[in-house]
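Here, each number is a calculation from the coordinates, and none is a lab measurement. Source: prediction; values computed, not measured. Here the Cβ positions follow ideal geometry from the backbone for every residue, glycine too, while neighbour counts run over all protein chains shown.
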Amino acid sequence: MLASMLKEHQSKQSSKKDQQEKRRKEATASAIAVTKALVGNVNNRVSMAYTNEKRLDTEARHLQANAAQFAKQSMQWLSLIENFNTALKELGDVENWAKSIEVDMHTISSALEYALKDT
């Protein structure tokens, strides 16, 4: 009787030990699956962030090149406008000079006409 109780007890212990081992393996497998899923999700997000960062860097370089080109073109326009303003001022000076000469010529012409009338 004692031997049969011992065998029964050992059998139950072995059964419980087997169940515990099975549950431990299932828990380990579940933990591994969850870890893989989390790592996979994080890796996807990191990969997406890296891709976005590369795209932003490319766009920033492109924008910087465009800004430099725009600054260069703006400087050329400013130079062109400054040259145009100088030309307009010179034209105004020539116009004033021409008016001055015209007035002088009228004065000389009037003086000559007056001088010729008396003779």
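Some notes on this structure:
- In the range 18-108, taking the dipole from charged Cβ atoms about the Cα centre, the farthest positive-side position among 100, 51, 37 is held by 37.
- ³J(HN,Hα), Karplus 6.51/-1.76/1.60, whole Hz, each residue of the range 102-116, x for Gly, Pro: 4, 4, 4, 5, 5, 4, 5, 4, 5, 5, 5, 4, 5, 5, 6
- Converting phi to 3J(HN,Hα) with the Karplus coefficients 6.51, -1.76 and 1.60 and the offset θ = phi - 60°, the range 71-87 yields 4, 5, 5, 4, 5, 5, 5, 4, 5, 4, 5, 5, 5, 5, 4, 4, 4 Hz in sequence order, with x at every glycine or proline.
- Charge tally for residue 66 (other residues, Cβ to Cβ under 13 Å; Lys, Arg +1; Asp, Glu -1): +1.
- Pairs of lysine residues in the chain that meet both criteria, 8 or more places apart or on different chains and Cα atoms under 26 Å apart, total 11.
- Global geometry of the chain, whether rounded, prolate or oblate, following the gyration tensor of its Cα atoms and the 1.5 cut on a/c: prolate
- Cα centroid separation, the range 1-25 to the range 38-58 (Å): 51 Å
- Computed [θ] at 222 nm, helices only, for the chain once each DSSP H run of length n ≥ 4 contributes -39500 (n - 2.57): -38000 deg cm²/dmol
- Local charge for residue 16 was computed over the other residues whose Cβ lies under 14 Å away, with Lys and Arg +1 and Asp and Glu -1, and equals +2.
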